[in-house]
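Read-outs throughout are calculated quantities, based only on the coordinates presented, and are distinct from any laboratory measurement. Please read all numbers here as calculations on a predicted model, not as lab measurements. Cβ placement follows ideal geometry from the backbone for every residue including glycine, while neighbour counts extend to all protein chains displayed.
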Amino acid sequence: MKIWKYGDNIDTDMLFPGKYVYDCNTPEEIIPHLLEDLDSSFAKNVKEGDIILAGKNFGCGSSREQPVIGFKAVGIAAVVAESFARIFYRASINQGLLLIECPDAVKAYSKGDNVSVDIENGKIIIGGKAFSFPSLPGEILAIRDAGGLLSYTRKKLKKNSG
Amino acid sequence: MGETFAEKILAKYSGEKKLVSGKIVTVKPDHLLTHDNTAPLIQKIEPELEEYGIYSKSLPVIVLDHVIPAVSEKTANNHKIIREFVKNYEIEHFFDVGYGVCHQIMVEKGLALPGKLILGSDSHTCSYGAIGAFSSGIDRTEAAALMLTGETWLKVPDSIRMTLENKLRPGVTAKDVVLHIIGDISASGANYCSVEFHGNIKQFSVEERFTIANMGVEMGAKNAFFPVDEVTKKYLSSIGIPPSKYSAIQPDDDALYSKELKYNLSVIAPVVALPHNVDNVKKVTEVVGLEIHQFLIGTCTNGRLSDFRIAARILKGKKVHPNVRLLILPSSRQVYLDALKEGIIDILVEAGGIILPPGCGPCLGAHQGVLAPKERCLSTANRNFKGRMGCKDAEIYLASPATVAASAIHGKITDPRKGGTLNEDLEIW
């Protein structure tokens, strides 16, 4: 499991360049361009279970869900940041990607530290130290737990029509 | 205790009596804005659309603006898919290639109105706070779900009150104000918040308020709001909308804000946002003389008539520097027509400007003015992220139309004020 560590204000153009927005929509099309202008080694080397650690305002900029779809498809276990931009935050809930807003955890990390996430108990463990993060409100957790907004919506429509 | 604009409008749309920040509510927006991204969006929900249909024909507003005219077979096919969807589901509000940028269309066509709630799968949906609407950006998947159900959740945001005091000095514009504020509070300074502008706002036209609200997202805001006043009403009546067609929602004087900030406009100078963050803001005097290769005046931030009027006043009888390109990007067909009628387009073309079709143009780096490595662009757009204009080794600088026009003459960043460096003879102010 690898930790990918980045700084503040990682914007949507760094996560997934705007020039591909209308050409790439499927995970297969998206994955090769993930973080292309930020870290060219990411798309080649990312593995299932990897974690992204970042500073403030991760995902600022456009309404661009390709990076979220891409992270989910390559198996990113969680994105842990000091803070997130709001559209990226919503997009992640809607794709079922785990985001953890925990500035203390990000600041505590030093290269080589082991990182693990205990979702049930709302804890992230970095280099042996545990940090708590708040759970999402129930109605929003239900969207993420359904595997994302589309499956949540499908269930809702079925229930309402049945 | 009174209520903020966000608390009041979200209470109205969720059917709750009174709301406080932090609460999650379910709302049914008046409109859902989507653009070229409508194609991948509807492809996500094809079986559901077939089984359940769309929630309402009048909910979606679809504008083709991002990559227009199509640049490839793939984008052409996207547009075709959208046109077929519009026809099959009898979508009432569709604006094909050529109408303009979606945000300009929402306001210009009277779809965004005071007291309305609008969500859109584009981050600059926050623009309609300029006329007193609550509007915010969402992602594609959420827009797809809204097409089916007509509803979604919103968290009632904290609100920041920004009081704009005194008057701007000549040569300083609304763009300088919003860049100055972002430089002050940072690109995440208003994260998740509703930003309300108060104070001496009557000096700002709706077009100028649009520029400021448009960049709300660049400080992280959920929405950006100007109270409805005579300026708003006058603008709306100029596009044929009488006060009986809308009902404004105003915050209470004793509302509770999470933060209150004051800005003295009379001391704000023309500014430039340097690469690669919108909050990397410096006074134009600190970067005067920096060589620029491409200039862009337009976009949803600064592509309206008043922006081109300023550019034309500066460029009248002049030529842009022979080593540079000046791109002109009207935000709508209406703006383009108005600029033609006033002779503005003649002036800009004679000065060497290249007129692009009304739309998003080179702002998102897909076409119509992509940059080469080591090139610099001085632009009136809203973002200067690395790679934004199609090349990660290029640099984007953001400024007002006045600064961009004055700079294009010299091929270097220039202070647009009278007597400014490189610019001793500018007499327009």
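Values computed for the structure shown
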{"read-out": "Total charge dipole magnitude, the protein assembly as shown, about the Cα centre, Cβ charges on Lys, Arg, Asp, Glu only, Debye to nearest 20", "value": "320"}
{"read-out": "Using alpha-carbon coordinates, inclination of helix B:73-88 to the longest axis of chain B, degrees", "value": "40"}
{"read-out": "Translational diffusion coefficient (Stokes-Einstein; Kirkwood radius from C-alpha pairs) of the protein assembly as shown at 37 °C, 0.692 mPa s, in µm²/s", "value": "136"}
{"read-out": "Fluctuation leader among B:E218, B:E108, B:E230 - chain B, Gaussian network, Cα springs under 10 angstrom", "value": "B:E230"}
{"read-out": "Whole-angstrom gap from the range A:34-56 to the range B:5-23, using each part's C-alpha centre", "value": "39"}
{"read-out": "Solvent-free Debye scattering, log10 I(q)/I(0), computed from the Cα coordinates of the range A:3-134 at q = 0.13, 0.15, 0.16, 0.19 Å⁻¹", "value": "-0.48, -0.65, -0.74, -1.05"}
{"read-out": "Antiparallel %, DSSP beta bridges [both residues in the range B:5-264], to 5", "value": "10"}
{"read-out": "Relative contact order (%) - chain B, alpha-carbon pairs under 8 angstrom, separation at least six", "value": "17"}
{"read-out": "Within chain A: Cβ-based charge dipole about Cα centre, in debye rounded to nearest 20 (Lys, Arg +1; Asp, Glu -1)", "value": "520"}
{"read-out": "A:A43-B:V20 FRET efficiency (beta carbon distance; Förster radius 51 Å; 0.05 resolution)", "value": "0.70"}
{"read-out": "Gaussian network model of chain B, Cα within-10 Å springs - most flexible of B:A399, B:A381, B:A269", "value": "B:A269"}
{"read-out": "Calculated over the range B:354-414: convex hull of Cα atoms, volume per residue (Å³)", "value": "84"}
{"read-out": "DSSP loop GluC sites (Glu not before Pro) with at most 13 other Cβ within 10 Å: longest gap in chain A", "value": "A:49-119"}
{"read-out": "Distance in nm between pseudo-label sites at B:E92 and B:K234 (7 Å out along the Cβ direction from Cα)", "value": "3.1"}
{"read-out": "The range B:168-228 versus the range A:100-125: alpha-carbon centroid distance in Å", "value": "36"}
{"read-out": "From the C-alpha gyration tensor of chain B, square roots of 5λ in Å", "value": "34, 27, 19"}
{"read-out": "Mean-position separation - Cα centroids, the range B:64-113 and the range B:297-369, in angstrom", "value": "22"}
{"read-out": "Cross-link pairs beyond the 18 Å C-alpha cut-off, checked among A:K19/B:K74; B:K109/B:K175; B:K202/B:K245", "value": "B:K109/B:K175; B:K202/B:K245"}
{"read-out": "Nearest 10 degrees, 0 to 90: helix B:5-14 Cα axis against chain B principal axis", "value": "30"}
{"read-out": "5 Å-binned pair-distance histogram of the range B:1-119 (Cα, whole percent)", "value": "2, 10, 18, 18, 16, 14, 11, 6, 4, 1, 0, 0"}
{"read-out": "Positive minus negative residues near B:I239 (Lys, Arg vs Asp, Glu; Cβ under 9 Å)", "value": "0"}
{"read-out": "For the protein assembly as shown, share of DSSP beta bridges that run antiparallel, in % to the nearest 5", "value": "25"}
{"read-out": "Whole-number percent relative contact order across the range A:3-134, with pairs defined as alpha carbons under 8 Å at least 6 apart", "value": "21"}
{"read-out": "Per-pair calculated FRET efficiency, R0 = 22 Å: B:E46 and B:E73 via Cβ, rounded to 0.05", "value": "0.55"}
{"read-out": "Summed residue charge, Cβ within 14 Å of A:K111's Cβ, Lys/Arg positive, Asp/Glu negative", "value": "+2"}
{"read-out": "Fluctuation leader among A:F58, A:F133, A:F71 - chain A, Gaussian network, Cα springs under 10 angstrom", "value": "A:F133"}
{"read-out": "The range B:271-410 - Rg (one decimal) and Dmax (whole number), Cα, Å", "value": "13.7, 39"}
{"read-out": "Angstrom value of the Kirkwood radius, inverse mean 1/r, which spans all Cα pairs in the range B:170-291", "value": "15.9"}
{"read-out": "Cα lying deepest toward the dipole's positive end in chain B, options B:N277, B:V20, B:I355, charges on Cβ", "value": "B:I355"}
